[in-house]
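Asker: Sharing a structure, written as structure tokens. Questions coming.
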């Protein structure tokens, strides 16, 4: 109960700046989500993590001063000027997924720019594997091929359900796969079968990454790609096991970040350290450039 | 007054060819080598300055693409590219080694396209058996012959012993430098060590030794030490000679031991002359350099196959590093297409697991663009080890 906690008046936020989407989650001292906002990271929005945060505050009916601790995650996590700490999206996903599915041992996250598999014990990241090749095996692969098929991301799931005989897509290079798609179309293959073939090819690739780590149930799929029912089905088939999908598969990173912010504060409290609110302003994010 | 110690190392690190260019202008012969299996003593004894050819991560490969296939060691690709662009125009020749197929094949292309006066290729045996050792020694005899012809000098036992002494001194100095990373916080950072070693590899042996002595003295005395960070890491891999890569690894950790070809590996052990100097060199280079390309057959169980004993035979030297340097975790860092090391990864990971040491494998494509993803992997790894 929130009332029972000495932190009851405090709120915590997680902000996850991914390659495609920026997500913010605000939780209360009981861990209940009171605001969850998604917005495109996009070229022009790249520095506007502050706006996503402002929207989350508005949705929660809170002021910035009421947020006790903010954790930034995702590839844009560095130098979010209003964050107290940055933690990798791997640990944040592990923590967020545990909140939704306490039995989770394996997390497969397919985002816009990478795919990762996490081994999780009670919400803690214990091992991981990430794709380290290119766009192959990522949401971007689906996005671009959907584009060249003229169906858009939203069309993928529905169309793939109508497949009767998924075609073999052998090339996982995003550019070459598109050429293969064009070739298949000219051979008279049905678009539904091509899409199902693309899903299968992507799922096989990510499953191979997961097998490197060892797949233990329960297995959870997160990231934007988990919103595509055709992909979820293909992942189930590729992994040969059941797959859980959180109601909001994009938000587990930001949720985990908020929960880690809360737990950090609880540790401070347990150590008898004074809780001081950091003075901060919602400033534009600056991005890590490698220098 | 010329810069000394770490400042001098920094200077040479950023402009590694300057000193050898000066020496060449004064009439010295300079021979480049990309691989640590080349016995530098033989060059120094004939008054030739060895220069370690390194890749340049920031230089986009353009020229080498004309002559090399696409899926190929990015470091060799970069080394050749720099040569084709005239960056190594001070060299009188190159010595390459059959340490990996990319190096062997690149060597030939190097020779064909740069047309340097001297070229030698060492056919490095793939095992550490006695007959392999004898073959390697005969290869080194062959190298002495070509070097003598090229330099117009005769190799004397006296000069060779002096050179062996100087390089043994260098090994000892680098080993002493790594002694200074044993305390917490370490007295010298992994990033500083990368710069020092790259500088040493770009200088004649006596100047390298002088630099090392200055650095040792300086870091022992300085007040501003590196900070103790989240974990003490061992880096295991092929070659990490770029300070930007090391500083990514050191963002939240201290890399206190670098087991790679621009770290401790070339400086392990020493050359011990019993009777024959060339055989002594062969023993040291074949048996003491722990490059993944050499197959170390298990001596423990020649007939009974025991995986753990086999691992112990191949990687036993890592065990004392783990305990002496109080290692919390291991980064297995390879550039893409480094097959000799990539083949070792599963086994060496098993070995670290048997010691209870967490290890993570990171592959990068030898571009600056790979640094940000590398940082995420390193941070996530640190988060797993707490």
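Asker: So if I check each of B:290, B:303, which one is at pLDDT below 95 and in contact with a helix residue (DSSP H, G or I) (Cβ under 7 Å, 6 or more places away or on another chain)?
Answerer: B:290
Asker: May I pose another question? Tally the residues that are in a loop (DSSP other than H, G, I, E, B), within 18 Å of residue B:340 (Cβ to Cβ) and touching a strand residue (DSSP E or B) at 6+ places or on another chain (Cβ under 8 Å), restricting the search to region B:55-93.
Answerer: 1
Asker: So, residue B:295, is that one more than 14 Å from chain A (Cβ to nearest Cβ), under 20 Å from the mean Cα position of the chain (by Cα) and crowded, with 21+ Cβ neighbours inside 10 Å or not?
Answerer: Considered against the rule, which asks whether it is more than 14 Å from chain A (Cβ to nearest Cβ), under 20 Å from the mean Cα position of the chain (by Cα) and crowded, with 21+ Cβ neighbours inside 10 Å, residue B:295 comes out as no.
Asker: Filter region A:153-184 down to the residues that are in contact (Cβ under 8 Å) with a residue 24 or more places away in the chain and more than 17 Å from residue A:233 (Cβ to Cβ) and list them by number.
Answerer: A:168, A:170, A:172, A:173, A:174, A:177, A:178, A:181, A:182 - these are the residues of region A:153-184 that are in contact (Cβ under 8 Å) with a residue 24 or more places away in the chain and more than 17 Å from residue A:233 (Cβ to Cβ).
Asker: Looking at region A:39-89, which of its residues are touching a residue at least 40 places away in the same chain (Cβ under 8 Å), in contact with a strand residue (DSSP E or B) (Cβ under 8 Å, 6 or more places away or on another chain) and within 14 Å of chain B (Cβ to nearest Cβ)?
Answerer: Residues satisfying the conditions are A:71, A:72, A:73, A:74, A:75, A:76, A:77, A:78, A:85, A:87, A:89.
Asker: Test of understanding: among B:327, B:331, which residue is touching a helix residue (DSSP H, G or I) at 6+ places or on another chain (Cβ under 9 Å), more than 13 Å from chain A (Cβ to nearest Cβ) and closer than 15 Å to residue B:248 by Cβ?
Answerer: Within the list B:327, B:331, the selection yields B:331.
Asker: Looking at region A:222-241, is at least one residue in a strand (DSSP E or B) and within 14 Å of residue A:111 (Cβ to Cβ)?
Answerer: yes
Asker: Name the residue that is farthest from residue B:294 (Cα to Cα), counting only residues in region B:327-343 that are at pLDDT below 95 and surrounded by fewer than 21 Cβ atoms within 10 Å (Cβ to Cβ).
Answerer: B:336
Asker: Oh, and also: When you scan region B:373-385, do you find a residue that is within 14 Å of chain A (Cβ to nearest Cβ), more than 19 Å from the chain's Cα centre (by Cα), in contact (Cβ under 8 Å) with a residue 60 or more places away in the chain and over 22 Å from residue B:184 (Cα atoms), even just one?
Answerer: yes
Asker: Next question. Here are some conditions: (1) modelled with pLDDT under 95; (2) under 28 Å from residue B:360 (Cβ atoms); (3) out of contact with any strand residue (DSSP E or B) (no Cβ under 8 Å at 6 or more places or on another chain); (4) surrounded by fewer than 22 Cβ atoms within 10 Å (Cβ to Cβ). Residue A:102 meets all but one. Which one does it not meet?
Answerer: (1)
This table checks each residue for (1) part of a strand (DSSP E or B); (2) within 14 Å of another protein chain (Cβ to nearest Cβ); (3) at pLDDT 95 or above.
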position: A:92; (1), (2), (3): no, yes, yes
position: A:97; (1), (2), (3): no, no, yes
position: A:112; (1), (2), (3): no, yes, no
position: A:118; (1), (2), (3): yes, yes, yes
position: A:132; (1), (2), (3): no, yes, no
position: A:144; (1), (2), (3): no, no, no
position: A:148; (1), (2), (3): no, no, no
position: A:158; (1), (2), (3): no, no, no
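Asker: Taking the criterion of being away from chain A (no Cβ under 14 Å), at pLDDT 95 or above and under 26 Å from residue B:332 (Cβ atoms), would at least one residue in region B:201-208 satisfy it?
Answerer: yes
Asker: Let me ask you something else. When you go through B:102, B:74, B:69 one by one, which is the residue that is more than 21 Å from residue B:267 (Cβ to Cβ) and either surrounded by fewer than 19 Cβ atoms within 10 Å (Cβ to Cβ) or without any contact (Cβ under 8 Å) to a residue 24 or more places away in the chain (or both)?
Answerer: Selected residue: B:69, the only one of B:102, B:74, B:69 that is more than 21 Å from residue B:267 (Cβ to Cβ) and either surrounded by fewer than 19 Cβ atoms within 10 Å (Cβ to Cβ) or without any contact (Cβ under 8 Å) to a residue 24 or more places away in the chain (or both).
Asker: Of everything in region A:79-90, what is over 14 Å from the mean Cα position of the chain (by Cα) and not in a loop (DSSP other than H, G, I, E, B)? Give them in sequence order.
Answerer: Answer for region A:79-90, where residues must be over 14 Å from the mean Cα position of the chain (by Cα) and not in a loop (DSSP other than H, G, I, E, B): A:85, A:86.
Asker: Taking the condition under 30 Å from residue B:331 (Cα atoms), more than 14 Å from chain B (Cβ to nearest Cβ), in contact (Cβ under 8 Å) with a residue 24 or more places away in the chain and in a helix (DSSP H, G or I), does residue A:140 pass?
Answerer: yes
Asker: For region B:8-60, give me the residue count where each residue is touching a helix residue (DSSP H, G or I) at 6+ places or on another chain (Cβ under 9 Å) and farther than 30 Å from residue B:277 by Cβ.
Answerer: So the answer is 13.
Asker: Right, another one. Among the residues of region B:206-241, what is the count of those that are without any contact (Cβ under 8 Å) to a residue 60 or more places away in the chain, loosely packed, with under 14 Cβ neighbours inside 10 Å and not in a loop (DSSP other than H, G, I, E, B)?
Answerer: Selection size over region B:206-241: 3.
Asker: Out of the residues in region B:350-370 that are facing chain A (nearest Cβ under 9 Å) and touching a strand residue (DSSP E or B) at 6+ places or on another chain (Cβ under 8 Å), which is surrounded by the fewest Cβ atoms within 10 Å (Cβ to Cβ)?
Answerer: B:365
Asker: Quick one: which of B:195, B:153 is in contact with a helix residue (DSSP H, G or I) (Cβ under 9 Å, 6 or more places away or on another chain) and outside any helix (DSSP H, G or I)?
Answerer: One residue alone meets the criteria, B:153.
Asker: Give the residue that is surrounded by the fewest Cβ atoms within 10 Å (Cβ to Cβ), with candidates limited to residues of region A:237-269 that are over 26 Å from residue A:11 (Cα atoms) and touching a strand residue (DSSP E or B) at 6+ places or on another chain (Cβ under 9 Å).
Answerer: Ranking the candidates gives A:242 first.
The values are calculated or read from the model by the stated rules, or taken from the named source; none is laboratory data. For clarity, every value in this text was computed on a predicted model and none was experimentally measured. We place every Cβ from the backbone using ideal geometry, glycine too, and count neighbours over all the protein chains shown.
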